[in-house]
Amino acid sequence: MKTSVRLARLSEMETLQKIYDQGQKFQIKQGNLHQWAPGYPGLAQIKRDILKNQLFVLADERDHILAAMALIAGIDPTYQYIEGRGWLDETSYHTVHRFVSAGLRRHSGRDLLKWAISQCGNIRIDTHKANRSMLQLLEDLGFTHCGRIYLLNGDPREAFQIYLDQGTSH
């Protein structure tokens, strides 16, 4: 099955919210009750991500969305303080937020995250400690556990980074 990565479209906002809702239900079934608040990220956040050209999707040959993520360049305010080992470096990086798989094709989330790594080389990401599938994916792709960060509301998240020294970062 041929897939491609592209920017999400405004016309896909409802579809994306449904995928996020499915992702939250999956996490709850897996025992992770706290990854996202009900209704997160919501149509307003999806629209902001699309308008900022930072919401990417992996689509199949029929253009069905298989996975999505916000890939954001620049400093993430919640990453300024980290407990534990600390970040691998202090150079420019991209952050992955709102990462979700539609559950339509095996490894679609992995493929989207691998694409991000190939494009950026220096990525930070955080997840809830109960998000077993994401923790396993990050380990499988070579991310390093760097410690714990705290969201703006005070909730803790496990923080990871992958840094491929390519000389430059996009």
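Taking residue 106 and the conditions (1) farther than 19 Å from residue 88 by Cα; (2) in contact with a strand residue (DSSP E or B) (Cβ under 7 Å, 6 or more places away or on another chain), which numbered condition does it fall short on, given that it satisfies the others?
With respect to (1) farther than 19 Å from residue 88 by Cα; (2) in contact with a strand residue (DSSP E or B) (Cβ under 7 Å, 6 or more places away or on another chain), residue 106 is out only on (2).
Could you count how many residues in the stretch 74-115 are aliphatic (A, V, I, L, M), modelled with pLDDT of 95 or more and surrounded by 20 or more Cβ atoms within 10 Å (Cβ to Cβ)?
Going through the stretch 74-115 one residue at a time, the tally reaches 4.
Given the structure, is residue 8 surrounded by 13 or more Cβ atoms within 10 Å (Cβ to Cβ) and farther than 25 Å from residue 143 by Cα? Don't jump to the end; show me each part of the working.
Numbers: surrounded by 13 or more Cβ atoms within 10 Å (Cβ to Cβ): yes; farther than 25 Å from residue 143 by Cα: yes.
Answer is yes for this residue.
Just for the stretch 155-170: of the residues that are in a strand (DSSP E or B) and either of a type outside the set (Asp, Glu) or modelled with pLDDT under 95 (or both), which one is surrounded by the most Cβ atoms within 10 Å (Cβ to Cβ)? Please lay out each step first, then the result.
The initial filter retains those residues of the stretch 155-170 that are in a strand (DSSP E or B), namely 156-163.
With the extra rule that they be either of a type outside the set (Asp, Glu) or modelled with pLDDT under 95 (or both), the set shrinks to 156-157, 159-163.
Values: 156: 14, 157: 19, 159: 26, 160: 24, 161: 24, 162: 20, 163: 19.
Per the criteria, the residue is 159.
If the requirement is being surrounded by 15 or more Cβ atoms within 10 Å (Cβ to Cβ) and either more than 15 Å from the chain's Cα centre (by Cα) or part of a strand (DSSP E or B) (or both), which of these qualifies: 44, 37, 59?
Numbers: 44 fails: surrounded by 15 or more Cβ atoms within 10 Å (Cβ to Cβ); 37 fails: surrounded by 15 or more Cβ atoms within 10 Å (Cβ to Cβ).
Result of the check over 44, 37, 59: 59.
Residue check: is residue 152 loosely packed, with under 14 Cβ neighbours inside 10 Å, in contact with a helix residue (DSSP H, G or I) (Cβ under 7 Å, 6 or more places away or on another chain), hydrophobic (A, V, I, L, M, F, W, C) and not in a strand (DSSP E or B)?
On the way: loosely packed, with under 14 Cβ neighbours inside 10 Å: yes; in contact with a helix residue (DSSP H, G or I) (Cβ under 7 Å, 6 or more places away or on another chain): yes; hydrophobic (A, V, I, L, M, F, W, C): yes; not in a strand (DSSP E or B): yes.
Yes: the conditions hold for residue 152.
Tally the residues that are of a type outside the set (D, E, K, R), in contact (Cβ under 8 Å) with a residue 24 or more places away in the chain, at negative phi and touching a Phe, Trp or Tyr at 6+ places or on another chain (Cβ under 9 Å), restricting the search to the stretch 139-157. Can you show your working first?
From the stretch 139-157, those of a type outside the set (D, E, K, R) are 141-147, 149-154, 156; that's our starting set.
Within this subset, residues satisfying the condition of being in contact (Cβ under 8 Å) with a residue 24 or more places away in the chain are 141, 144-147, 149-152, 156.
In the following step, the residues that additionally are at negative phi were identified as 141, 144-146, 149-152, 156.
Cutting the leftovers down to touching a Phe, Trp or Tyr at 6+ places or on another chain (Cβ under 9 Å) gives us 144-146, 149-150, 156.
Selection size over the stretch 139-157: 6.
The values are calculated or read from the model by the stated rules, or taken from the named source; none is laboratory data. Note that this is a predicted model, so its numbers are computed, not measured. Every residue, glycine among them, receives a Cβ derived from its backbone with ideal geometry; neighbour counts consider all protein chains shown.
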